[in-house]
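Here's the structure, in structure tokens; my notes come after.
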Amino acid sequence: MYWWGPFVLLATFFGMEFMAWATHKFVMHGKMWHFHKDHHQVEPGFFEKNDVFFLIYAIPSWLCIMLGMMYGNYFSVWIGYGIAAYGMAYFLIHDVYIHRRFKWLRDIDHPYFYAIRKAHKIHHKQLGKEKGECFGMLLVPWKFYKKAKLVYDRKTTTE
């Protein structure tokens, strides 16, 4: 194992937040709105057309890992792991915690998680593809963190 591998993984993970923001703002709320629309305007059923977007990240992750292993390019492998780690975090935060598609992670009581959930709710207030805000997932505008901290502090001092 190369000592720099975990650093590449972490850099890729954090770089993916920007990629997710840009993809969400310019692709999902742009030319690919047809696939993202049912995420904002809920339709019956467990699956959404929006679920197809996981392929945008799963395929490059898989290719980086597979081709990196095949050709001994471990830099590529670590990039693939970083993309996969972000994909797992995205799934757990977005689908499980925020949208409650599964019955896990419902009792998290922390200002950070309150802030990202609130920012995502603000994003979903807009039902159309125009005029949206808060396109990121793990990093949201500072105002949401400040408000979450106030609510959390008020809640913990009254308990």
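The values are calculated or read from the model by the stated rules, or taken from the named source; none is laboratory data. Keep in mind that this is a model prediction, so the values were computed, not measured. All Cβ positions, even for glycine, are placed from backbone atoms using ideal geometry, and neighbour counts span all protein chains on display.
So here's what we get for this one:
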| quantity | calculated |
| --- | --- |
| Test result for residue 143, outside any helix (DSSP H, G or I) and either hydroxyl-bearing (Ser, Thr, Tyr) or closer than 24 Å to residue 23 by Cβ (or both) | no |
| So residue 131, is it without any contact (Cβ under 8 Å) to a residue 60 or more places away in the chain, on the phi > 0 side of the Ramachandran plot and not aromatic (Phe, Trp, Tyr) | yes |
| One residue from 120, 94, 124 being assigned to a helix (DSSP H, G or I), modelled with pLDDT under 90 and within 22 Å of residue 51 (Cβ to Cβ) | 124 |
| Verdict on residue 86 being touching a residue at least 40 places away in the same chain (Cβ under 8 Å) and either of a type outside the set (Gly, Ala, Ser) or outside any helix (DSSP H, G or I) (or both) | yes |
| Count - residues of the stretch 95-132 that are over 15 Å from residue 39 (Cα atoms) and exposed (fewer than 15 other Cβ atoms within 10 Å of the Cβ) | 10 |
| Complete set of residues in the stretch 23-60 that are without any contact (Cβ under 8 Å) to a residue 12 or more places away in the chain and among the small types (Gly, Ala, Ser) | 45 |
| Failed criterion for residue 79 (all others in (1) more than 12 Å from residue 137 (Cβ to Cβ); (2) touching a residue at least 24 places away in the same chain (Cβ under 8 Å); (3) under 13 Å from the mean Cα position of the chain (by Cα) hold) | (3) |
| Members of the stretch 43-68 that are loosely packed, with under 13 Cβ neighbours inside 10 Å and outside any helix (DSSP H, G or I) | 43, 44, 45, 46, 47 |
| Some residue of the stretch 19-39 being under 15 Å from residue 138 (Cβ atoms), of a type in the set (Val, Ile, Thr) and surrounded by fewer than 18 Cβ atoms within 10 Å (Cβ to Cβ) | no |
| Matching entry among 86, 71 (being of a type in the set (Ser, Thr, Tyr) and surrounded by fewer than 16 Cβ atoms within 10 Å (Cβ to Cβ)) | 71 |
